[in-house]
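What follows is a short report on a single structure.
The values are calculated or read from the model by the stated rules, or taken from the named source; none is laboratory data. All values derive from a computational prediction rather than experimental measurement. Here the Cβ positions follow ideal geometry from the backbone for every residue, glycine too, while neighbour counts run over all protein chains shown.
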Amino acid sequence: MLYEFKSRAAGTVVMTQPIAERILGIVGKAPGAPGIITVEAMPEAIAALERAVAEEKQNGTPPPAAGTGTTTDNDEERRTPVTLSQRAYPFIELLKAAHAGGKPVTWGA
């Protein structure tokens, strides 16, 4: 399942269910049902995501598993974990642009 986050001030960000629900949990929103982040709530949502990203960086991301035998660039890409920072960045940018434009962010499952 996909989540589509929209704002009239900023456009759309699409995420898979597990990532979207993790991000919604960080900002204190219930997954599943359609929802909204109001302009007034955006600064705290942005701060919560930035704290979670900073905490992940501080704790460190496990390095990719060491390969055996011959590897290609494509093999390395599959083993490198995608960080919360990378996954949250488009959503944080959406929130910042929506906040600057004075428009809410909405979504549906």
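Observations, loosely collected:
- Scan of segment 5-20 for residues that are within 15 Å of V105 (Cα to Cα) and not hydrophobic (A, V, I, L, M, F, W, C), ordered by number: K6, S7, R8, G11, T12
- Checking each residue of segment 85-95 against the condition of being assigned to a loop (DSSP other than H, G, I, E, B), at pLDDT 95 or above and under 18 Å from A41 (Cα atoms) gives no match.
- Qualifying residue in segment 42-50 (condition: in contact with a Phe, Trp or Tyr (Cβ under 8 Å, 6 or more places away or on another chain), modelled with pLDDT of 95 or more and not aromatic (F, W, Y)): yes
- Members of segment 10-42 found to be outside any helix (DSSP H, G or I), surrounded by fewer than 17 Cβ atoms within 10 Å (Cβ to Cβ), in contact (Cβ under 8 Å) with a residue 40 or more places away in the chain and hydrophobic (A, V, I, L, M, F, W, C), listed by number: A33, I36
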